Amino acid sequence: MAHCDVVFLTGVCHPNSFNRAQGAYRLASIVRDAGYKASVVDGVGTLTSMQIIDLLETVLSEKTKLFCISTTFFSNFSTSLHSDSLVTTNPIPYNMDQWMKIIDLVKRKTSAKIIVGGHKTNEFEQDKHIHTYIDHYVYGYADNAILSLLSHTTKKILNSPIIESDSYFNFETKYNLMDSFLPGESFTVEMQRGCMFKCAFCAYPMNGKQKGTYIKQAKIVVDELMYCYEHFGSTNFILNSDTFNDSIDYLEAFNDELARTNVKFNFGINARLDLFYNDKPLIEVCKSIGVRSALFGLESTNPFSLKEIGKGLLFDKVVATLFSCKEIWQDSVRMTGSYIIGLPHDTEYNINKV
């Protein structure tokens, strides 16, 4: 395999369902568009550390400039890092000795800078054992920072700013054949960033944004879907949008763009159930678009708990709306509710009521 200027190490969103996280592939797309060669090594949490090392042996060389670790789906990093056993429920079952084998390989074969980014970046930075081996930490979306790192920045910590230009959000992420995708694989396609709500527990950046901002044109999203369809035969997708149903105007425009393709796509989404209250057209357009699974963050049946976390749901309305969705969607959409057990004001009664 030809040398790679940038190598990304990442893990799947959920080991049981194998849904790839998009972040590393987004950055690889930027690097490739800038004329560099990039490779994504996926599978942290589903492969052993030796399997990871075997894969890295094929893409690392003396010409590699950056080795980037995406931490977003690493859980309890410090616990795993310093445990004596590889038997763990954490998505990153590598202890310090095994991490050092990965780092030693990078140091031995390359002069690359080691970069850490993603949601668990602070855990790497705060860990005194591994901190000395990391050249740069990137906080926030790394779309901007990745090219700065290739331009020999000397800053140890980079805070990647949120880019507010509407034109910026019309980017395309192109998945690449060299990243070992399966024919017909399900892909994640980004629709928008941020959320207009401010739930107290949410770790997403850009919460409380204005409605209709940081959103990609419907045509650009459909272009990405068609790219995956034409190159990989894919028709099943996760649409990466924290609140898929926050604008019926946008969804209708998206539906119109989909209709022009003559391809039947199937989508998994995250949605806000209270936005469906008494809004039959909004529920219907989701079915027309091709939504096949919807995840609702319901969190609790206790009104005091919901108020505490800033989730303005009324559970009687929640139940009525779920029945409305079921009536319109029938068996075409699988609905899943997520809950948080042990919130302030939770009782045994309302927990069991779930």
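The values are calculated or read from the model by the stated rules, or taken from the named source; none is laboratory data. Owing to the predicted nature of the structure, the values given are computational and were not obtained by experimental measurement. Counting neighbours? That spans all protein chains shown, and the Cβs are built from the backbone with ideal geometry, glycine included. To get the accessible areas, we keep the full protein, side chains included, count just its heavy atoms, and leave off ligands, DNA and RNA. Shrake-Rupley method; radii C 1.70, N 1.55, O 1.52, S 1.80 Å.
Listed values, structure above:
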item	result
Potential lengthening between Gln126 and Asp256 on full extension [0.36 nm per residue; Cα-Cα distance subtracted]	42.0 nm
Apportionment of accessible area to carbon and sulfur, the chain, percent (1.4 Å)	52 percent
Taking the convex hull of Cα positions in the range 133-229, its mean projected area over all directions (nm²)	8.9 nm²
Computed P(r) (all Cα pairs; the range 289-354; 5 Å bins; percent)	4, 17, 25, 22, 15, 10, 6, 1
Net lengthening on full extension, Thr153/Leu295 (0.36 nm per residue, minus Cα-Cα)	47.1 nm
The chain - mean residue ellipticity at 222 nm from DSSP helices (-39,500 (n - 2.57) per run, n ≥ 4, rounded to 500)	-10000 deg cm²/dmol
Exposure of Glu125 as accessible area (Å², to 10), given a probe of 1.4 Å and all protein chains	60 Å²
The range 259-334: trypsin sites (Lys or Arg not before Pro) in DSSP loop, at most 14 other beta carbons within 10 Å	Arg260, Lys264
Euclidean distance between Cα centres, the range 171-199 to the range 242-317, Å	19 Å
Directionally averaged projected area (convex hull, Cα atoms, the range 215-354), nm²	9.0 nm²
Length-normalised contact order for the range 134-285 - Cα pairs under 8 Å, 6+ apart - percent	21 percent
Principal axes of the chain: Cα extent on each, largest first, Å	61, 51, 35
Kirkwood hydrodynamic radius of the range 102-149, Cα pairs, Å	11.6 Å
Lys pairs under 22 Å by Cα in the range 210-280, provided they are eight or more residues apart or on distinct chains	4
Efficiency of FRET between Phe201 and Arg334 - r from beta-carbon atoms, R0 25 angstrom, step 0.05	0.55
Surface per residue (accessible, 1.4 Å probe) for the chain, Å²	48 Å²
